[in-house]
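Structure first, commentary second.
Derivation of every value follows stated rules applied to the coordinates shown; laboratory data play no part. Everything numeric here is computed off the predicted structure, so don't read it as measured data. Here the Cβ positions follow ideal geometry from the backbone for every residue, glycine too, while neighbour counts run over all protein chains shown.
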C-alpha cells in the first residue's frame with residue numbers, strides 16, 4: 001500500500017513513513033485486505049489491541065480466522081460490510097462495525113469501529129419486526145418543528161413518508177384537550193430528561209377517520225445537553241382501546257347487576273389460599289372494612305363459618321372439584337364487625353387451564369339470604385298457626401251449633417242466638433286479620449260489644465253505664481278468639497237478664513297484667529236482682545270449657561243479688577317473633 005511503484009496517487013510532500021504513522025496511530029481499527037478479500041495484509045495497533053493480538057500478529061492471517069463465517073454471504077468467500085462478530089485471540093468474540101472503502105483491483109481498506117449496544121439491535125430485520133408489530137418510527141426536529149415519518153408511521157397517520165408535515169400542522173388532527181395534555185406531558189418529560197408515552201384520538205390525514213394512536217418518545221440531546229429533537233414510535237391501538245372500552249362496559253354492567261342483586265363477587269386463588277374481594281358488597285356481607293382485607297379458605301372454614309355448616313361446605317367444594325361442576329353451598333357466618341350470625345348462599349366455578357388440570361382459582365358470588373330464610377321460617381309458622389286456628393275455629397263453630405240448638409226454644413231463637421255468636425266470632429277474626437302482628441286489642445273487643453249500650457251526658461264526660469279501665473293489652477290470636485266469644489256471651493246475658501236489661505244498670509270492667517297473666521274483673525250493678533241459673537247455658541259452657549281448656553284460664557263467678565260478678569285470670573302466651581311480618 002505504501003511501497004507501490006505508482007506513487008502518483010499521493011501528494012508529493014507526504015512520505016510513506018507519515019502515512020504509516022497515521023495508519024498505526026488511528027483511534028479506530030484499520031486493516032488492508034488482499035484483493036481477494038481472504039487475507040489481512042496488515043492491521044493497525046488499535047485493531048490488534050481490540051482483538052487481543054500483538055501488533056503485527058494479524059498480518060497475513062486469513063480473514064475467516066478473525067471474522068465469523070456469518071459475515072460472508074451465502075456461497076461467497078468475500079466478507080460483507082456491517083456489524084460483524086470478530087474472533088479475539090483468547091477465543092472470545094467482539095461485535096465491531098466493518099466498513100469497506102477504497103476497494104480497487106489491488107487492495108481494500110477496512111475501517112473497524114466499536115458498536116454501541118443499542119446499535120446491535122438496529123438492523124433491517126428489526127425494522128421488519130417493528131412493522132410486523134404495527135410500530136412506525138418518527139422523529140421531531142425541535143429546531144424546525146418538522147416531523148419525519150417512516151413508511152409505517154406515515155401509513156398510520158395518513159401522511160407521506162419522510163418530511164411531510166410540521167407539528168403545528170399535525171396538531172389540528174388531535175382533540176384540543178388531548179393536544180394540550182400531550183404538550184404538557186412532552187414538555188415535562190423533556191425537562192426531566194425522561195421518556196414519555198401517551199394515547200389519544202387522532203383524525204387520519206388521508207380520510208379523516210378517527211383512530212386511537214399510542215406514541216412513545218424520548219428527547220435527543222446536543223453535546224451541551226440541549227434538546228434538539230425527539231425520536232419514538234407510533235402504533236394504531238384502535239382495536240385495543242375499543243376492546244378495553246367494551247370490557248369496561250361489560251364490567252360496569254356486571255357491577256350494576258351484582259349491586260342491584262346485592263351480590264358479593266370474589267376470587268379465591270387455590271395454590272396460595274388468597275382471596276380477592278371484587279366489590280364493596282362482599283366486605284359488607286362479612287362485616288369487614290376494605291382496609292382489613294379479605295380472608296382465605298382456611299380462615300373462612302375455621303373461624304367464620306358456623307361449626308355445624310363446615311362439613312357441608314367442605315363436601316360441596318370437594319364435589320365441585322371432583323365433578324367439575326358449579327359449587328353451591330349455604331351456611332351461617334359470624335359477621336366480623338357486630339358478631340351477628342348471617343346465612344349466606346355461595347355459588348362459584350373453578351377455573352382450569354385445560355380440562356383435567358388442577359384448578360387455579362374459584363370465581364363466585366355470595367348472597368346474604370338471612371332475611372329470606374327468616375321469611376321462609378315465618379311463612380311455615382304462619383301456615384301451621386293458620387291450620388291450628390282453623391281447627392279451633394271449626395271446633396268453636398261446632399260447639400256453637402250444638403249448644404245453641406240445645407238451648408233454643410224455637411227456630412227464631414236459634415237463628416238469633418246463632419247469628420249473633422257467629423258475628424262475634426267473625427268480628428274477632430276481623431280484628432286479628434287487620435292487626436299487623438295477628439293480635440287483638442282487649443279494649444277494642446270490649447268496646448265493640450259494649451259501646452252500643454253506652455250512655456253519656458256529653459261527648460267529653462265519663463260514660464254513665466259502661467266503664468272500661470285498664471292498660472293497653474294485645475291478645476294473641478290463640479287467646480283473642482275465646483276471650484272475644486266470652487265477652488260476647490257476657491254482654492248478651494247482661495243485655496237479656498242483667499245490668500244492661502234496664503236503663504239504670506251499669507257494667508264496670510277493669511283489667512291488668514301481672515307476671516304475664518291477664519287479670520280481668522267484670523262487675524254488673526243496678527240491674528234486676530240476680531239469682532244463680534237453674535241450668536247451664538251456652539255461655540256457662542263456653543266459660544268453663546273453652547276458656548279453661550284452650551286458654552288455661554281460672555274463672556270465678558258470683559251471682560250476688562246486687563249484680564253478676566266474674567273474675568278471669570288467663571296466662572298470656574309469648575309471641576313468636578318469627579310471626580311478626582315487620583321484623
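Cβ-Cβ distance of residue 340 and residue 560, R₀ of 56 Å, FRET efficiency by 1/(1 + (r/R0)^6): the value works out to about 0.45. Neighbour counting of Cβ atoms within 10 Å sorts the residues 302, 80, fewest neighbours leading, into 302, 80. With the simple model of a label 7 Å out from the Cα in the direction of the Cβ, residue 113 to residue 318 spans 7.4 nm.
For residue 504 and residue 380, FRET efficiency with R0 = 56 Å and r from the beta-carbon atoms, rounded to 0.05? Write out the running numbers ahead of the final one.
On the way: r = 54 Å, r/R0 = 0.97.
According to the calculation, E is roughly 0.55.
As a proxy for reagent exposure, ranking 150, 441 by other Cβ atoms within 10 Å from fewest up yields 441, 150.
Relative to the current alpha-carbon distance between residue 249 and residue 187, full extension at 0.36 nm per residue lengthens the span by 19.0 nm.
What does the extension gain come out to for residue 85 and residue 469, with contour length at 0.36 nm per residue minus their alpha carbon separation? Don't skip to the end; give the middle numbers.
Values: separation 384, 0.36 × 384 = 138.24 nm, distance 11.45 nm.
Result for the pair: 126.8 nm of gain on full extension.
The packing ranking of peptides 57-63, 153-159, 31-37, 176-182, highest mean first, is 153-159, 31-37, 57-63, 176-182, where packing means the average number of other beta carbon atoms within 10 angstrom of each residue. Sorting 469-480, 194-205 by their mean Cβ neighbour count within 10 Å, with the most densely packed peptide first, gives 469-480, 194-205.
Can you tell me how much longer the chain between residue 548 and residue 416 gets when fully stretched, taken as 0.36 nm per residue apart minus their C-alpha distance, in nm with one decimal?
Numbers: separation 132, 0.36 × 132 = 47.52 nm, distance 2.63 nm.
Full extension from residue 548 to residue 416 adds 44.9 nm.
Computed from the C-beta positions of residue 231 and residue 17, the FRET efficiency with R₀ = 41 Å rounds to 0.35.
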